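What follows is a short report on a single structure.
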Amino acid sequence: MNRTTLVTALITGSALVGAGYFLTRGPRPRALPSKVIPIVTPVIDVGVAEDVLTAMAGLPGDDVTVVLHTSGGCVTSCVMIANALREFETSTAIVPYMALSGGTLIALNAKQLQMGGSASLSAVDPIIAGQRARHLPDDDKWKGLHALGQEYEAAIGEYVRETLEARLPDASEADLQRAIEVFMGQHAPHEWPIRRPEVAGLGLPVSPATRMWADMVDALRRRWW
């Protein structure tokens, strides 16, 4: 089967179950068995999380592949998907172009990561009211948002540490801390791209994604956007 035929099969067959353009831009089909779940959507919200979790629950066996193309979204929704991904014996996250913010959090929780040649991840620290949680001022204007921001920053920081400890079991504390700082965006803007060489430089196992997955994302975006 050549690449075009395989991409067509993925688009028209049971692989397209779960999220994003496929479910938000067209009719919702019944979930069919497949290990491939595309999360191809600008924003991951509760509805997307429900679809992805439903698709994961219906998978045969203990193997899943998620294909991510997203700018992120609701922290709770992204953590729920990441938690579900942790439960699989074999899991792969494929990022042909970008999986930013919460999309990065999901990608890092797969046991295998593949990225396209120009693909990017980003920091995952929480954004509240359009600002990084750590930057919310502690004054009367922001009232409870400052405290909420601190809670989210601490919770996501601990979650990132757990995630990276699992991905880097042999890393020294210094190397682990360096990776945490990168993915918590300690030295760069929240949306600053983290490309495959930098991911590999942190010691995280990452391999190239084949062009087939970019073709799949392109076709989904053309069809439903």
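The single condition among (1) of a type in the set (Val, Ile, Thr); (2) touching a residue at least 60 places away in the same chain (Cβ under 8 Å); (3) more than 20 Å from residue 97 (Cβ to Cβ) that residue 194 does not satisfy is (3). Here residue 102 clears all of (1) without any contact (Cβ under 8 Å) to a residue 60 or more places away in the chain; (2) out of contact with any Ser or Thr (no Cβ under 6 Å at 6 or more places or on another chain); (3) surrounded by fewer than 20 Cβ atoms within 10 Å (Cβ to Cβ) except the condition numbered (3).
Considering only residues in region 47-65 that are of a type outside the set (A, V, I, L, M, F, W, C) and not in a helix (DSSP H, G or I), the one that is nearest to the chain's Cα centre (by Cα) turns out to be 65. Taking interchain pairs and intrachain pairs at least six residues apart, which have beta carbon atoms under 7 angstrom, with the first residue in region 115-135 and charged (D, E, K, R) and the second in a loop (DSSP other than H, G, I, E, B)? If the second residue must be in a loop (DSSP other than H, G, I, E, B), the pairs left are 125/184; 125/185; 125/190; 132/125; 132/190; 134/125.
In the set 147, 119, 166, only one residue is surrounded by fewer than 18 Cβ atoms within 10 Å (Cβ to Cβ), closer than 20 Å to residue 206 by Cα and of a type in the set (A, V, I, L, M, F, W, C); that residue is 166. The set of residues from region 200-217 being outside any loop (DSSP other than H, G, I, E, B), over 23 Å from residue 171 (Cβ atoms) and of a type in the set (A, V, I, L, M, F, W, C) comprises 212, 213, 214, 216, 217. The single condition among (1) in contact with a Gly (Cβ under 8 Å, 6 or more places away or on another chain); (2) more than 14 Å from residue 121 (Cα to Cα) that residue 139 does not meet is (1).
Exactly one residue out of 145, 136, 121 is at pLDDT 95 or above and closer than 25 Å to residue 186 by Cβ: that is 121. Among the residues of region 122-140, those that are surrounded by 13 or more Cβ atoms within 10 Å (Cβ to Cβ), hydrophobic (A, V, I, L, M, F, W, C) and either over 12 Å from the mean Cα position of the chain (by Cα) or farther than 26 Å from residue 199 by Cβ (or both) comprise 127, 128, 133, 136.
Yes or no, residue by residue, for (1) surrounded by 15 or more Cβ atoms within 10 Å (Cβ to Cβ); (2) modelled with pLDDT of 95 or more; (3) within 24 Å of residue 111 (Cβ to Cβ):
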| residue | (1), (2), (3) |
| --- | --- |
| 176 | yes, yes, yes |
| 204 | yes, yes, yes |
| 208 | no, yes, yes |
| 214 | yes, yes, yes |
| 225 | no, no, no |
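Of all residues in region 29-40, none that is modelled with pLDDT under 50 has its Cβ atom under 7 Å from the Cβ atom of a residue that is part of a strand (DSSP E or B) and crowded, with 19+ Cβ neighbours inside 10 Å, 6 or more apart or on another chain. The residue that is nearest to residue 183 (Cα to Cα), among those in region 87-97 that are out of contact with any Lys or Arg (no Cβ under 7 Å at 6 or more places or on another chain), free of Cβ contacts under 8 Å to residues at least 40 places away in the same chain and surrounded by fewer than 22 Cβ atoms within 10 Å (Cβ to Cβ), is 92.
Taken together, the residues in region 66-85 that are in contact (Cβ under 8 Å) with a residue 40 or more places away in the chain, part of a helix (DSSP H, G or I) and within 18 Å of residue 111 (Cβ to Cβ) amount to 3.
The values are calculated or read from the model by the stated rules, or taken from the named source; none is laboratory data. A quick note: this is a predicted structure, and the numbers were derived from the prediction, not measured. Ideal geometry is used to build each Cβ from the backbone, glycine not excepted, and the neighbour counts take in all protein chains shown.
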